[in-house]
1. Tell me the accessible surface of Lys261 in square angstrom (1.4 angstrom probe, heavy atoms of protein chains only), to the nearest ten.
2. May I ask which of Lys60/Lys261; Lys180/Lys202; Lys261/Lys392; Lys60/Lys225; Lys202/Lys392; Lys202/Lys261 have a Cα-Cα span longer than 28 Å here?
3. Would you calculate the separation in nanometres between label points at Ala246 and Leu259, each defined as 7 Å from the Cα along the Cα-to-beta-carbon direction?
4. Carbon-plus-sulfur fraction of the accessible area of the range 280-331, 1.4 Å probe, in percent?
5. Can you tell me the FRET efficiency between Glu187 and Ile108 if r is taken as the Cβ-Cβ distance and R0 is 60 Å, rounded to the nearest 0.05?
6. Might you work out the accessible area of Ile59 for me, using a 1.4 Å probe with all protein chains in place, and round it to the nearest 10 Å²?
7. On full extension of the chain, what length is gained from Arg266 through Leu36, given 0.36 nm per residue of separation minus the C-alpha to C-alpha distance?
8. Measure off 7 Å from each Cα along the Cα-to-Cβ vector at Leu92 and Lys225, then give the distance between these two points in nanometres to one decimal.
Amino acid sequence: MAAPASSAPSQTHTASKPWYRQLYFWVLTAIATGILTGWLWPSAGVALEPVGTTFVAAIKMLITPIVFLTIVAGIGSVDSLGRVGRVGLKSLAYFQAGTLVALLVGLIAVNVFQPGAGVHAHPGDLHLQGDAAQYVKDGQGQSWWHFITDLVPESAVGAFAEGNILQVIFFSVLFGIALKAVGPIGEPVVDGVTRLSAVIFKILHYVMLAAPVGAFGAMAYTIGKYGVSTLTSLGQLIGLFYGTSAFFVIVILGSVTALLKINIFRLLRYLREEFLLVLGTSSSESALPRLMTKLEGLGVRRDIVGLTVPTGYSFNLDGSSIYLSLAAVYIGQATDTPLGITQQLGLLAVMLLTSKGSGGITGAGFIALAATLSTVGTVPAAGIMLIFGIDKFMSECRALTNLAGNSVATLVVARWERVLDTAHVNAVLHGRSPAIPAAPEEMETSPTPSGNLSKAQPAGALDSP
């Protein structure tokens, strides 16, 4: 059930706030201050860990209810359950194609630049310890079909309590379909879900006021704990990963948005606050609620946003896919393990499965990598110790690339459904005020004219401090 659109006259541009009141300015300042604090006073930086983790915990506290309410409201607003299934299948098809391309890009990059050549690490000298050992143990326990068997929660309450997004999505879709199937009896519940969503997003607004503090604490801890020298010890691999991810976002995703007649750089600028939030907290989850609101602000239909974005956090991990192919082949190169084209294609086939369903899990990248190496058996799993020290810095790039990939995926699915008003999207990206997207049936019968943009914010829109 879509929120009513405002009848206020449209505006050409949003009223711009002073730069010192913009959220992205304060988050960026906090990140820079955190880096300096961790560099100059490492012990103080390490002591600030609770500041960052507490903020991320506050965001995670709201993610499962937001995912549930958004999916249920989205399904409840459509006029046909067939539309829900169609959107879901199209999303999964695009996710799989995106994952394959990301894996191939990483595979090509690591073979061209060969950052592991010359390391000559002997597998027998690598001993798993600490968190790395636990990640490998968890990875060895993961079968290639684990994301299917883990889909169904043992209890609905447990899925919410554990913060398992994939299981929450499964329950939410079932709940939304059942709610739609009961007909008029469920309409008051849909209305209640929409109203409750506004309350949850208001709570999120309060939490987001602490975003600069959380970013400061998280960045100070990262630099204080691991040190700036960690960035240079395996600088070639880090640089290759960041460069490959940038290529994927600008060239691959940029080509996709160009087909949609949307400028990738304007889209990234529109989402700058979300990117800075992810950069500061090292968690793509911290930006999930705001990302959904921003995409609705572009005019993307609520049911498409509600289904595509949360599902993408488990199935459309472009940054994690690039990391997997880079890291696996790097370890092979560093341990002098011969990997021909056949072995590498075998790794890629396994990664298509092990990369799924791990979104939101601590150490998800390492667990997926360990699961891949354990399944194939060609590359020694103990080799992950070679990159364990820099994984924290690589996780930043994984999260940023995942965020960009899911943003583009949502626009693609909306276009695939023929409900993406490109003129409206570009108007918003050029500074026009976002508008509340129309209900699905309204968008199909009378698309919003690109020149008539409401100045109303989407439900739960977040104001910058």
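The values are calculated or read from the model by the stated rules, or taken from the named source; none is laboratory data. All values derive from a computational prediction rather than experimental measurement. Glycine also receives a Cβ, built like all others from the backbone with ideal geometry; neighbour counts cover every protein chain displayed. Just the protein is used for accessible areas: all its heavy atoms, side chains included, with ligands, DNA and RNA removed. Shrake-Rupley method; radii C 1.70, N 1.55, O 1.52, S 1.80 Å.
1. 150 Å²
2. Check vs 28 Å cut-off fails for Lys60/Lys261; Lys261/Lys392; Lys202/Lys392; Lys202/Lys261.
3. Computed distance between label sites Ala246 and Leu259 equals 2.6 nm.
4. Of the solvent-accessible surface of the range 280-331, carbon and sulfur hold 56 percent.
5. So the FRET efficiency works out to roughly 0.70.
6. 0 Å²
7. 79.8 nm
8. Rounded to a tenth, the inter-label distance reads 3.6 nm.
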